[in-house]
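Below is one structure, written out as structure tokens; the observations come after it.
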Amino acid sequence: MKHLTLVLSVVTVCAYAQTPAAKPAAIAPETVVFKVGDRPVTRAEFERLIATFPPEIQKTAKTNPRQVMQSFFLMQSLSKQAESEKLDQMSPFKEQLELQRMQFLATTVLNRESSRIQVSGDDLKARYEADKTEKYEQAKISAIVVMFTDPKAITAQVDMSNGGKKPEVKDVVGVRLEPDAKNIADAIVADLRGGADFAAVARQKSDDKSSAAKGGDFGVIRRVDRVPEDIKKAVFALKPGEISEPVRQPLGFYIVKVESRTVQPFDEVKQLVTDDLKQERFQKWMSGMQSKFEIDVEAPSYFQPAAPSSPPAQSSVPKR
């Protein structure tokens, strides 16, 4: 039989997702709000019990107390049973409890130290000035996309619909393979650098229909955005008005034009700068703490994994 673990947060996920939030009615603290078996629980006691729950579990408890509080009182009862049997004083449970206590207290100290870190306005502005080109630059771009198809995907589709036969991919009608897409993209770049209007070409030839309808407008890309690195590298290597070489992505080539490059204003990124500076200072403090407990391994052979044992030799004597 597998070991069971009661976790309050797991029990309440579904309940919170399915129960809409409601404004609590005005109820006196001494009013009984539910019963556990025959035991009444007042509003004041209920609120005291859930005060140490994580915020999301507190919300769930206030909208659907049955599952949350049933789990809580079950854990409480089982915990008292374990104590009455002195399981908390027996190995290995005693040591496991101590480890959990140590982890909780250590995490509490880490969170406290993190929350204590303060940064001044001058520090924030100095960091912004130092980082603004590297982190907060942004570019307004237009792009033309020339798509191609993965031959493996085509073959898989043909196999399913054609009784397992594998005709040449080049014979499949309407398919554009990567070499053809690259030739088209190269020709588009040549036309654009020769003076062709980017918006007009995008409307006519881009396979990204959404941006094509807007003349290739792709909006703004920031250095911190989750955009493929190849795209960002190409964008921020260009000056306004310049056209990139085709940038290969898994299913297409992107031709990018930078319309303008600017830097996000300080007020717009102030919180990001604050978070960066606080994290840096916390990591410096943390590194100082860790340096006090450097480990020098004196017997490295002890920590190396044991070599797998060889399987027993097979007997050549035939069985009877």
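Annotations for the structure displayed:
- Single condition Q271 does not satisfy, out of (1) part of a helix (DSSP H, G or I); (2) in contact with a Lys or Arg (Cβ under 6 Å, 6 or more places away or on another chain); (3) exposed (fewer than 15 other Cβ atoms within 10 Å of the Cβ): (2)
- Every condition in (1) outside any helix (DSSP H, G or I); (2) crowded, with 16+ Cβ neighbours inside 10 Å; (3) under 26 Å from the mean Cα position of the chain (by Cα) is met by F282 except one, and the failing one is (1).
- Filtering region 201-246 to residues that are over 28 Å from the mean Cα position of the chain (by Cα) and among the polar types (S, T, N, Q) leaves Q204, S206, S244.
- Of all residues making up region 133-172, the number that are surrounded by fewer than 13 Cβ atoms within 10 Å (Cβ to Cβ) and either of a type in the set (S, T, Y) or modelled with pLDDT of 95 or more (or both): 2
- Flag if I184 is of a type outside the set (D, E, K, R), under 15 Å from L251 (Cβ atoms) and modelled with pLDDT of 95 or more: yes
- Residues being touching a residue at least 60 places away in the same chain (Cβ under 8 Å) and either of a type in the set (A, V, I, L, M, F, W, C) or closer than 30 Å to S244 by Cβ (or both) - total across region 111-141: 15
- Residue in region 240-262 that is surrounded by 14 or more Cβ atoms within 10 Å (Cβ to Cβ), modelled with pLDDT under 95, under 30 Å from G219 (Cα atoms) and out of contact with any Asp or Glu (no Cβ under 6 Å at 6 or more places or on another chain) present: yes
- First in region 262-279 and under 10 Å from L124 (Cα atoms) and of a type in the set (A, V, I, L, M, F, W, C), second anywhere and in a helix (DSSP H, G or I) and open to solvent by 80 Å² or more (accessible area, probe 1.4 Å), Cβ under 8 Å, 6 or more apart: F266/K125
- Of all residues making up region 208-227, the number that are in contact with a Phe, Trp or Tyr (Cβ under 9 Å, 6 or more places away or on another chain) and either open to solvent by less than 70 Å² (accessible area, probe 1.4 Å) or more than 24 Å from E137 (Cα to Cα) (or both): 6
- Restricting the first member to region 180-201 and to residues that are more than 12 Å from I243 (Cβ to Cβ) and in a helix (DSSP H, G or I), and the second to residues that are open to solvent by 30 Å² or more (accessible area, probe 1.4 Å) and modelled with pLDDT under 95, the beta-carbon pairs closer than 9 Å and six or more apart or on different chains are A181/T149; I184/R176.
The values are calculated or read from the model by the stated rules, or taken from the named source; none is laboratory data. Only a predicted model underlies this, so the values are computations on that prediction, with no experimental measurement involved. Neighbour counts run over all protein chains shown; Cβ positions are idealised from the backbone, glycine included. Please note that ligands, DNA and RNA were not included when accessible areas were found on the heavy atoms of the full protein model with its side chains. Shrake-Rupley method; radii C 1.70, N 1.55, O 1.52, S 1.80 Å.
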